[in-house]
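Asker: Here you go, one structure.
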Amino acid sequence: TKQLPPPILRKQEPSPANSGAWSLLRKATEYRVYRRTEDGRVFAIGAPGTSPSTRALARALQSHGLTPGPGLLVHAAGAGELLPANTTSAGAFAPNEVVLGVALDSPHPWDSEGPPDE
């Protein structure tokens, strides 16, 4: 059987971006910046069709004046959960649905938007 590439490598936006779980804030060649709708967390992952290391992703963000924060494991399917990069609980997700990402530290252009209303 032919195995499909991970969703992030299919050159389409991850399903949480299309379902409303994430809001797209910036679309750059190397990366995407999203806000997680549930808790307002701002993070970045590689652009569709790419799979950068967290170091390469951090460099791309810095080149655009953004401050990368801690590394994340991002569930690029389902509800789009964000886990610390050093977590061991990512095993609950299929390996081809997890991508590397980074949180964005303040200040950034989306600080004033804040988390969603309770």
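Asker: In region 52-87, which residues are of a type in the set (S, T, N, Q) and either assigned to a helix (DSSP H, G or I) or more than 15 Å from V42 (Cβ to Cβ) (or both)?
Answerer: Passing the criteria: S53, T54, Q62, S63, N86, T87.
Asker: A follow-up question, please. Among the residues of region 66-118, which ones are among the hydroxyl-bearing types (S, T, Y) and either at pLDDT 90 or above or surrounded by 13 or more Cβ atoms within 10 Å (Cβ to Cβ) (or both)?
Answerer: T67, S106
Asker: Could I ask something else about it? Is region 50-65 home to any residue that is at pLDDT below 90 and open to solvent by less than 40 Å² (accessible area, probe 1.4 Å)?
Answerer: Checking region 50-65: at least one residue is at pLDDT below 90 and open to solvent by less than 40 Å² (accessible area, probe 1.4 Å).
The values are calculated or read from the model by the stated rules, or taken from the named source; none is laboratory data. In this text the structure is predicted, and so the values were computed from the model without any measurement. Note that we place each Cβ from the backbone using ideal geometry, even for glycine, and neighbour counts take in every protein chain shown. In case anyone asks, the SASA skips ligands and DNA or RNA and just uses the protein heavy atoms, side chains included. Shrake-Rupley method; radii C 1.70, N 1.55, O 1.52, S 1.80 Å.
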